[in-house]
Structures are given as C-alpha cells and as structure tokens.
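Following: one structure in structure tokens, then a few remarks.
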C-alpha cells in the first residue's frame, strides 16, 4: 500500500541558507501535518493543513512557512537556517475531520534528516 | 510542565517479562489517546488507540482513566522485537487533529 512519501531523505545546509522539504500524502488523504524531532527529543507539532488551508499551528518559527497544494502535497520552506534547526522532520497524513476514528489515524513518512552546518 | 508526561525509562527487561508504562496528561479537554512506537530515528507508528473501557491487542493492553488523566500500556511476554521507544500521544484538537507527544519511554528487551 502507498505510504507517505517525503523528500529528500537527507539534506545538508549551511547556516543562513534555505531549504524546502516535500511531503506527498497517502492517496485520498486531504490532511497533512508537519512535526520536528530534535536529537533525543519527542516530535513537536509545527503546522497542519486540511483541504489546502492551514488548520492548526504549533511551534513553527516565523522563518518557516508551509503550504498545501491542489494535489494535496505539502512543502515546508525554511529560511535563514540555524544550527538548532538540525532535526528529523516528519510529515504525516490522515483523512479529514468528520470520519470518526479514521480521521484520527495519522500515518507518518520516513522523515527528512536536516543537518545545518 | 510538559502537556504529556511519561515514565523516563529506560526499561531494561529480559525476554518474557511483563512491563508497564505510565503516562499523564494535563489538558482535561483532550479528546483521544494513543500509544505510538518509534524505532531509532524512524517514523512513529501507531501501536494502538486507548479507550476508557480498556483495550487489548495480543500481548498489549492499554487503559485510560479520564478522571485521573492517566494512560497506561502493559506489554506481556516481552519479545526482543519489542525494543523501541513508546510514545504516549494525546489528541487535543476538536475537529482537526493535533497530536501532542510525550517524550517517550525507551524499552530494551534482552535475551
């Protein structure tokens, strides 16, 4: 079965550079979520989208922005990268609200490991 | 104080042991509850949902006590393959999902 696809798997950037992470949800999933997991930390919620509109916002820095496109894929844009941005970035997808327990099942991609040097 | 708190771990247990993890959450309006499993630097994977009536899936049993805002996971007959980090997860958003993760409890099962 198709899963959540994230690209790239690994990304190395210098301080103050920009980065774009991509996420392709499971087919028919219209909701995507972004999480950041630092070394030895738990995943922290950044932002989510439902039907191409932002549905919730967590601890996403102002230097980051994200959007969901008409084909439901999402991109996380990160600018003025800092050393502390080095982390695993997970994308997850689910069915939209109103579908009972199915709406609550999030499926995670394998993540993008971002290293800022 | 973190919104979701878990036993710090690590738990080192022999194969065949029974091990229990505990978790508390601070938001009394939390909607639903889950246990996720995460292997080293891999994506979290849903292990099971947690219901007030308690639910069991093979060797795994989860319990929820809404009055005490407490969630537990019991693993019986531990296998080597159970070694992982177990994340207690709370869904706070009404309508849209907003999963809040605990810091995780590491389990190491040894022969």
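The values are calculated or read from the model by the stated rules, or taken from the named source; none is laboratory data. Everything numeric in this text was worked out from a predicted model, so none of it was measured. Virtual Cβ from ideal backbone geometry, glycine too; neighbours counted across all protein chains shown.
Quick notes on this structure:
- When A:110, A:115 are screened for being in a loop (DSSP other than H, G, I, E, B), closer than 25 Å to residue B:38 by Cα, at pLDDT 95 or above and within 13 Å of chain B (Cβ to nearest Cβ), only A:110 passes.
- The strands (runs of 3 or more DSSP E) found wholly in segment A:1-51 and carrying at least 2 residues that are touching a residue at least 24 places away in the same chain (Cβ under 8 Å), in contact with a strand residue (DSSP E or B) (Cβ under 6 Å, 6 or more places away or on another chain) and over 18 Å from residue A:66 (Cβ atoms) occupy A:10-13.
- Leading residue by the ranking (nearest to the chain's Cα centre (by Cα)) among those in segment A:85-102 that are without any contact (Cβ under 8 Å) to a residue 12 or more places away in the chain and assigned to a helix (DSSP H, G or I): A:102
For (1) out of contact with any strand residue (DSSP E or B) (no Cβ under 8 Å at 6 or more places or on another chain); (2) crowded, with 19+ Cβ neighbours inside 10 Å; (3) more than 12 Å from chain A (Cβ to nearest Cβ), each residue gets a yes or a no:
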| residue | (1), (2), (3) |
| --- | --- |
| B:29 | yes, no, yes |
| B:45 | no, no, no |
| B:51 | no, no, no |
| B:64 | no, yes, yes |
| B:67 | yes, no, yes |
| B:101 | no, yes, no |
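- The set of residues in segment A:88-107 that are facing another protein chain (nearest Cβ under 7 Å) and at pLDDT 95 or above comprises A:88, A:90.
- Lone qualifier among A:73, A:29 - being under 24 Å from residue B:41 (Cα atoms), surrounded by fewer than 21 Cβ atoms within 10 Å (Cβ to Cβ) and out of contact with any helix residue (DSSP H, G or I) (no Cβ under 6 Å at 6 or more places or on another chain): A:73
- Subset of segment A:48-58 that is more than 9 Å from chain B (Cβ to nearest Cβ) and on the phi < 0 side of the Ramachandran plot - its residue that is surrounded by the most Cβ atoms within 10 Å (Cβ to Cβ): A:49
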